[in-house]
Each structure stands twice: as C-alpha cells, then as structure tokens.
1. Write down the accessible area per residue of the stretch 1-143 in Å², having rolled a 1.4 Å probe over the full set of protein chains.
2. Work out the length of the dipole vector of the stretch 155-202 about its Cα centre, built from +1 on the beta-carbon of each Lys and Arg and -1 on the beta-carbon of each Asp and Glu, and round it to the nearest 20 debye.
3. Which of the lysines could a cross-linker span from Lys140 if the Cα-Cα distance has to be under 28 Å and same-chain partners fewer than 8 positions apart are dropped?
4. Report the net charge of residues surrounding Gly34, where surrounding means a beta-carbon distance below 12 angstrom and charges are Lys +1, Arg +1, Asp -1, Glu -1.
5. What is the stretch 102-231 by shape, rounded, prolate or oblate, if you read a ≥ b ≥ c off the alpha carbon gyration tensor as root eigenvalues and call it rounded for a/c under 1.5, prolate for a/b larger than b/c, and oblate otherwise?
6. What does a probe at Ala160 reach in the stretch 25-44, counting residues whose amide N is under 13 Å from the point 7 Å along Cα→Cβ?
7. Which one is right for this structure if Kirkwood radius over Cα pairs in Å is calculated from it: (1) 18.3; (2) 18.7; (3) 17.4?
8. Apply the a/c threshold of 1.5 to the C-alpha gyration tensor of the stretch 1-42 and tell me whether it is rounded, prolate or oblate.
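The values are calculated or read from the model by the stated rules, or taken from the named source; none is laboratory data. Every value quoted in this text rests on a predicted model; they were computed, and no experiment measured them. Glycine gets a Cβ as well: all are built from the backbone with ideal geometry, and neighbour counts include every protein chain shown. Only protein heavy atoms, including side chains, enter the accessible area calculation; ligands, DNA and RNA are left aside. Shrake-Rupley method; radii C 1.70, N 1.55, O 1.52, S 1.80 Å.
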Amino acid sequence: MSAALVLLPGLLNDHRLWSGQVGALAGRAEVMVGDLTQDDSLGAMAQRVLAAAPARFALAGLSMGGYVAMEIMRQAPERVERLALLDTTAWPDLPEQTQRRKDAVELARSGGFDKIMPTMLPLLFHPDHLAEAAITGLAKDMARMVGAEAFARQQAAIMARPDSRGSLSAIACPTLVLCGAEDGLTPPDRHDEMAALIAGAKRVTIPLCGHLSPLEQPDAVSDALRAWLDS
C-alpha cells in the first residue's frame, strides 16, 4: 500500500533535490514536494505545506526543510505518521551565522545573487563530488530557479528559527535522523543530539557525503527512506 510522503527541500533547493528518491520510491509512496519559496517564516511555510498535504502523511525535510518539519511537528503532530530529519539541526542560528546570512541577502539584493551558490558549493558537497558537474550544476540551477527574492524570504525564516531541542522529546512517531558523514554545515554531532532527544529514533550516517545527501548519495538515502517507510 502506498504511503503519502511529503518532502521538504533546503535553502535554494527545489523539487529536484529529491528526484532520486521520488523515482526510487515510486510505487511505495505518493510523493508531494512542499513549496518553501513563498513565505518568510517557518510558521507560514508549515501552514502552506499542511494546507496542501493529505490528512495523514510521512514527512521528510532536509536542512531548512528540517526546520519546517520540526515546526509542523509543533503545529500538527497528529497528522504526521513518521518523521525524517536529514542534514539539519535543532539549534537556533548562532550570531555569526545570522550575520553571514544578512551579508548574503544584501549581496543578492545588490545584484550579486549569481555569486552566492558557487561560493557555497564547498560547504554543500563532499570534496570528492565538487568536480561532478551533474550535481554541482543542478545545485546552481536550483538556486537560479528559486531566485534572489525567495532566497531573502528563506533566510529571514532561517534566521528567526527557534531552538527546537526542547520540543523534540514530544515527537512520538517513528523517526529517522540522517546526515552525510562529512556534513560541515550541520555536523553529525548535531544529529546525534537530535536522535538522543527523540524516543526510539533511528540514526543513519551516509559515508562520502556532505550536506546535500539526496543529491550526493541518492541510492543510500533512498534505501534509508524506504526502510523508514517500512518500519
């Protein structure tokens, strides 16, 4: 029987972040990818996803999508059958992170938006994958499609995110916490912490992988999500 599965992309990502998983899980899940480009707060993003989603669904979010997933768990936990948090963190933004985000938004709004993703690539991918034009080119194209104004909205939402660590213990559905072994933006220890705070959470680390695990290691991520859906 097919499950309803809602996938939430990260900053400057669109539905193509999850292309490998949508294909691999065809027949196992009816997949919807949430739109996180229209709103400038996690609360509004969560409400938009909930308005478009089925009554009950499995929920997986990467990075910013993970922040929205945690917000959905605060707003409507009864609608989420199972949860997957990928390459994300329950921590709020640190002051130095917020300043970098403000600088990036200022650059984007002053005509420098196309400079942002090339500088981000070493933070997003394992060094072994930086020469793979198929995935780095896709990351750049997704950013172009999201655009500077949506980027500014997303950064506003990210900067204002709460400390979610206190609400994780309320999560009662089957939960997967997954990250790339070399994720430098949201490191493995942040995922260890989340998994420890969520009763019964399954913790998975993907080798040779940075922050954008669904693009870098699509088969391994799809396998983990399939096992999670079947658990």
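1. For the stretch 1-143, the solvent-accessible area averages 42 Å² per residue.
2. 220 debye
3. The qualifying lysines are Lys102, Lys115.
4. -3
5. The shape class here is oblate.
6. It comes to 39-44, nothing else.
7. Read-out taken from this structure: (3).
8. Here the stretch 1-42 falls in the oblate category.
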